[in-house]
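What follows is one structure encoded as structure tokens, with my remarks underneath.
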Amino acid sequence: MDVTEVLLPGVGVRYEFTTAEGNRIGIIVSRRGDVELVSYAADPDVGQPVFRLTTEEADTVAEILGAPRITERFADLSKEIPGLRAEDLPVAVGSPFVGRRLGDTRARTRTGASIVAIVRGDDVIASPGPDEVLHSGDNLVVIGTQEGIAGVNAILKG
Amino acid sequence: MPVLYALLLELGIVLAVLSVLCALARRFGYSPVPLYLLAGLALGQGGVAPVPAAGLFVEIGASIGVVLLLLTLGLEFSVAEFSTSIRTHVPSAAVDFVLNAAPGAIVGWMLGLGWVGSMALAGVTWISSSGIIARLLGDLRRLGNRETPSVLSILVLEDVAMAAYLPLLGVLAAGGSWWHALLSVGVACGAVALAFAASHRHGARLIRFLDTADTEQFLLRLLGLTLIVAGAAELVEASAAVGAFLVGLILTGQVADRARQVIAPLRDLFAAAFFLTIGLTIDPRTLPPLLPIAFGLAVVTALTKVGTGWYAARRDGVGPRGRLRAGAVLIARGEFSIIIAGAVITSTDGIIGPLTTTYVIILAVVGPIVARLVDLIPHRAEPEHRAEGV
């Protein structure tokens, strides 16, 4: 897909591309972070406004479009590197780490496996920091060796 | 302390009046600048309700206002945006300069304003208001349009040209000789080049110094740095405004984003003080005889801006309707015309202040109206689109 980038000095950037169906789409990302979508249906010079998103709304849309891919990509990654695996580990209701910080698990120091994302309902917290508080029902995306991942699972179960 | 209570009361009332005016202007989607100028006229000497006690604060606020306006102007650009604009739109900027500065210079010369006055008036008619226009493009949902990058490029190049123009004018207004003026322009241009190079190579260091998690610290450091640089620039006669502009240019990326956010409310407050002061220094009784001149100049330079926009948009391969939109949106003049007039207001014989004020009030109001009206012109002007639509 060919994406044209048009600089809008002092305002932001406009990305333009044509979809497979032949629609010309423009996405204006302003410096403040809000996003406007336009389509060039009637007049190639005039971007018909489709909708405008606040920063928060744009992030949500990006997450919705991007979230299924994160786990997909981890799965691909483990196929590419022999010995490395990715797994979703649940934080069960009875886990001693419910309500505690991710750093408290000391998972990487103890097992060598990394927690690269927290999947919480529809949200994905990619590369979570040690201060991220775990909730029951969270799924942790863990990458490491088979033993490492098993170790993290044991830690989570307490 | 009777003076203090008078100051507080008057200042409070002034700010309250400005807040009402600003709300009114925003409600209808217009810039509050012309209303601030009118408020200044009403509150100054010969106005309806003079406020002598608040004058001192407003005056100091005004000089800080110019510095903050220029700081945010510098913050608006990144080197990438500037170089893209320069690559594609130098001819448009030249057309812009020739078409729009000439009427001001000629009228200044006919009015007998002398070299400095004519040059100042040329600047007044040349510079479009980037503040009004950028906002207008967003309000009219034209950021997706094809002519928009050319319009914004012209604004960028005009604003950067100000970095050379302001010190030149400043020195000439202070009675300096031509070689002196050229030297200070040289210094200013050198400083701009240096600022670009520095932001490219050592920007990271400055940004690390400024970038603290604490907003209060960030604001204090940013303001401290800007005022020191502005003051130092004024000391070596390169104009405080240019110094502040340079600080803005050097800051890029996230720090610039953050600086824009924390500075914006302060800038709006002090800029209001600046526009108010310009209004205050002008006796409204001097305005009526200048109305026909200001009006004539407004009509002529509105048309020349339309020509400029037409030319620039055509370079980007935009159709006739888009070219007209580009031209119409460029008509608005505002803050920088007033800054130029403010720079020479004490050194010229007094016509330039009231003339510029009237001119800006007219075009800051008419510009956005015309920009909106262009959309209402029926499509008939362009047969090819009609054919496509069927």
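The values are calculated or read from the model by the stated rules, or taken from the named source; none is laboratory data. In this text the structure is predicted, and so the values were computed from the model without any measurement. Note that each Cβ is placed from the backbone with ideal geometry, even for glycine, and that neighbours are counted across all protein chains shown. To get the accessible areas, we keep the full protein, side chains included, count just its heavy atoms, and leave off ligands, DNA and RNA. Shrake-Rupley method; radii C 1.70, N 1.55, O 1.52, S 1.80 Å.
Could you check, for the stretch B:334-345, whether at least one of its residues is open to solvent by 40 Å² or more (accessible area, probe 1.4 Å) and more than 21 Å from B:Ile154 (Cα to Cα)? Yes, the stretch B:334-345 contains at least one residue that is open to solvent by 40 Å² or more (accessible area, probe 1.4 Å) and more than 21 Å from B:Ile154 (Cα to Cα).
Considered as a group, the residues in the stretch B:125-143 that are open to solvent by less than 10 Å² (accessible area, probe 1.4 Å) and part of a loop (DSSP other than H, G, I, E, B) include one that is nearest to the other protein chains (Cβ to nearest Cβ), and that residue is B:Arg142. In the set (1) away from every other protein chain (no Cβ under 11 Å); (2) in contact (Cβ under 8 Å) with a residue 24 or more places away in the chain; (3) over 26 Å from B:Val365 (Cβ atoms), the condition left unmet by B:Val185 is number (2). Taken as a whole, the structure places B:Ile278 among residues that are crowded, with 20+ Cβ neighbours inside 10 Å and more than 14 Å from every other protein chain (Cβ to nearest Cβ). Tell me, which residue of the stretch A:1-28 that is within 23 Å of B:Arg87 (Cα to Cα) and among the β-branched types (Val, Ile, Thr) is farthest from the other protein chains (Cβ to nearest Cβ)? Step by step, filter the stretch A:1-28, then rank; the result is A:Val3.
If you go through the stretch B:144-171 one residue at a time, how many are open to solvent by 20 Å² or more (accessible area, probe 1.4 Å) and more than 15 Å from the chain's Cα centre (by Cα)? The number of residues fulfilling the criteria is 3. Put simply, of B:Ala49, B:Ala16, B:Ala54, B:Ala23 the only residue that is surrounded by 18 or more Cβ atoms within 10 Å (Cβ to Cβ) and more than 14 Å from chain A (Cβ to nearest Cβ) is B:Ala54.
Is it fair to say A:Val38 is in contact with a Gly (Cβ under 6 Å, 6 or more places away or on another chain), farther than 22 Å from B:Thr88 by Cα and modelled with pLDDT of 90 or more? Yes; evaluated as a whole, the condition is true for this residue.
Cβ separations smaller than 8 Å between residues 6+ apart or across chains give the following pairs from the stretch B:77-103 residues that are within 11 Å of another protein chain (Cβ to nearest Cβ) and buried (at least 17 other Cβ atoms within 10 Å of the Cβ) to residues that are assigned to a helix (DSSP H, G or I) and basic (Lys, Arg): B:His89/B:Arg315.
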